[in-house]
Amino acid sequence: MQQDTSEDDDSDPSAWKREVLERCQFVRKTFSCSPMLVAREPTESGAIFWFPYTGQNYNPSRYRFVPGGWNHEHCLLCGGHIVEGDTYWSNTGRDNVDLCEACHGRYLAERPA
Ligand SMILES: [Zn+2]
Ligand SMILES: [Zn+2]
């Protein structure tokens, strides 16, 4: 009997972050709580999706509306919390990416000119 032991062949866990950052356009924002939408069913890989509700249309049979549920962000690089009143850097592109002030500063410093 065969066991499925396939692992994510993601040898460098930060590689995808660098790739994502390459195509990000960051703007500085101040975080404030907002409603959020939470998927009712996990994806095939078992992840539950949730994202801030900004007035977009959604299917209530697929997503649950949680008032004030979006109460912090995570910095992509350090995983730190960005909470009410914090300034942070948010990607304006299609990827949902946020950086704290410290990581954004470091990222700019390391980014090739
Ligand atoms: Zn950070
Ligand atoms: Zn958290």
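The values are calculated or read from the model by the stated rules, or taken from the named source; none is laboratory data. Note that the structure is a prediction, hence the values are computed from the model and not measured. Quick reminder, even Gly has a Cβ in these numbers, built from the backbone with ideal geometry, and neighbours come from all protein chains shown.
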Can you say whether F51 is at pLDDT below 95 and either within 16 Å of ligand 1 (Cβ to nearest atom) or in a strand (DSSP E or B) (or both), as far as the supplied structure shows? yes
Inside the stretch 55-113, can you point out the residues that are away from ligand 2 (no atom under 16 Å from the Cβ), assigned to a loop (DSSP other than H, G, I, E, B) and over 15 Å from S34 (Cβ atoms)? N57, N59, P60, S61, R62, T92, G93, R94, D95, R111, P112, A113
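Let's see how each residue does on (1) within 16 Å of T30 (Cβ to Cβ); (2) modelled with pLDDT of 95 or more; (3) of a type in the set (F, W, Y):
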| position | (1), (2), (3) |
| --- | --- |
| C75 | yes, yes, no |
| D86 | yes, yes, no |
| G93 | no, no, no |
| D98 | yes, yes, no |
| C103 | no, yes, no |
| R111 | no, no, no |
Scan the stretch 83-98 and tell me whether some residue there is more than 13 Å from ligand 1 (Cβ to nearest atom) and on the phi > 0 side of the Ramachandran plot. yes
Return the total of residues in the stretch 56-82 being at positive phi and surrounded by 10 or more Cβ atoms within 10 Å (Cβ to Cβ). 0
Condition test on R18, is it at pLDDT 95 or above and loosely packed, with under 15 Cβ neighbours inside 10 Å? no
